[in-house]
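Structure first, then comments.
The values are calculated or read from the model by the stated rules, or taken from the named source; none is laboratory data. As the structure is a prediction and not an experimental result, all values here were calculated from the model. When we count neighbours, we look across all protein chains shown, and the Cβ atoms used for this are built from the backbone with ideal geometry, even at glycine. Side chains are part of the model used for accessible areas, which takes the heavy atoms of the whole protein and leaves out ligands, DNA and RNA. Shrake-Rupley method; radii C 1.70, N 1.55, O 1.52, S 1.80 Å.
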Amino acid sequence: MVQQNLSNDALQTSGRKIFFIAPDKKNLPESCLVNLLSQGYETYLIELHNSTEAYDLQYEIKNIATAFPGSIVFFNVSASLGAVNWKKLLADIHAKYSSSLLLGAMGNGSSTEAADFSNLECGYIALDSDVKKNETLLVSMFNQYSAQGRRTMVRAKCDNSSGITFSFDKQAFSAKILDVNISCFSVMFDETVKRLAIYDKISNATININGYRFNSDVVLLMRSQRDGKPLYVFMFIKPDGSPDLESETSEKLCNKIYEMTTESCNAILHGFDVGQ
């Protein structure tokens, strides 16, 4: 059985990835997943087609188990996928991957479904037409398995276009942004910026996160070294000095981070050949 207490160091630090297989997007739209990301849960949709065969899905699960062991995987067993027999398929998947994945089922709430899949580690969740209610049910279940780990926010690695420019003490600065979450980001300068002290505030910095450009005040939280170069961590702040971004910008950044983490995960899964 997968350890529920996150004994693996990586899981303790980064938490568990959560996959929804063949989701009903009326009851579990991507906006719900963006909301979950803002709460520190790293979730992904795996959409399938009516022609999907059981073998195709087995292969997808094999990739998840190999690339992201310890993940939570939920199957929408109310989805109609050709000749797929969900009860038989999940029994096979459970037999193969119960030591590396936490498995669960979700569906329309029929008593037959609930009985058929109650043996899974994460049980069975009856989805409601109320998306907010579904989100609350999922968060409650995620917390049982410490899905966040020690983090409270999901971090995304940035591409080479990402950076920050600002003026401080009558001098212009620019740096590459390495990674970002909805509250903080890390940057690397070519050389130490000696004038910047911890908790110094920078007004109206121009920030580019994978093509999403905006302006915000930021404050320096910490300095360290990476590969012999100075690494700085900044926190977004509002003009009044309170933490975080303005609500509209924060929402757009959260959507961008969801897009970034999804692209990164898909690149690993779809380019990840674990053999037949």
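Spin-label model, Asn85 to Lys133: label points 7 Å out along the Cα-to-beta-carbon direction sit 3.3 nm apart. For the stretch 138-147, 3J(HN,Hα) computed residue by residue from phi via the Karplus equation (6.51, -1.76, 1.60; θ = phi - 60°) reads 5, 4, 4, 5, 4, 5, 5, 10, 6, 5 Hz, glycine and proline entered as x. Once all protein chains are placed together, Ser31 keeps about 70 Å² accessible to a 1.4 angstrom probe.
Legend: calculated FRET efficiency, Glu47 to Ser110, from the Cβ-Cβ distance at R0 = 22 Å, rounded to 0.05, equals 0.45.
Once the mean of 1/r is taken over each pair of separate Cα atoms and inverted, the stretch 35-111 shows a Kirkwood hydrodynamic radius of 13.4 Å. Given +1 at the Cβ of Lys and Arg, -1 at the Cβ of Asp and Glu and no other charges, the dipole of the chain around its Cα centre is 700 debye to the nearest 20. These residues, Met153, Met188, Met222, Met260, go from largest to smallest accessible area, 1.4 Å probe, as Met222, Met153, Met188, Met260. For the residues Thr165, Thr152, Thr43, a 1.4 Å probe over the protein chains yields an accessible-area ranking, largest first, of Thr152, Thr165, Thr43.
Taken along its principal axes, the alpha carbon cloud of the stretch 101-223 reaches lengths of 69, 26, 25 Å, longest axis first. Comparing Phe166, Tyr44, Thr206 along the charge dipole axis of the chain, the residue lying farthest to the positive side is Phe166, per the Cβ-charge model.
Extent of the stretch 59-152 along its three principal axes (Cα atoms, max minus min coordinate, largest first): 40, 34, 21 Å.
Annotation: per residue accessible area for the stretch 62-107 equals 34 Å², rounded to a whole number [probe 1.4 Å, protein chains only].
Using a 7 Å offset from the Cα along the Cα-to-Cβ direction at both Thr165 and Val233, what is the distance between the two label points in nm, to one decimal? Roughly 2.8 nm, to one decimal. Computed from Cα atoms alone, the Kirkwood hydrodynamic radius reported for the chain is 20.4 Å. Counting lysine pairs in the stretch 75-222 that sit 8 or more residues apart in sequence, or on different chains, and whose Cα atoms lie under 14 Å apart gives 4.
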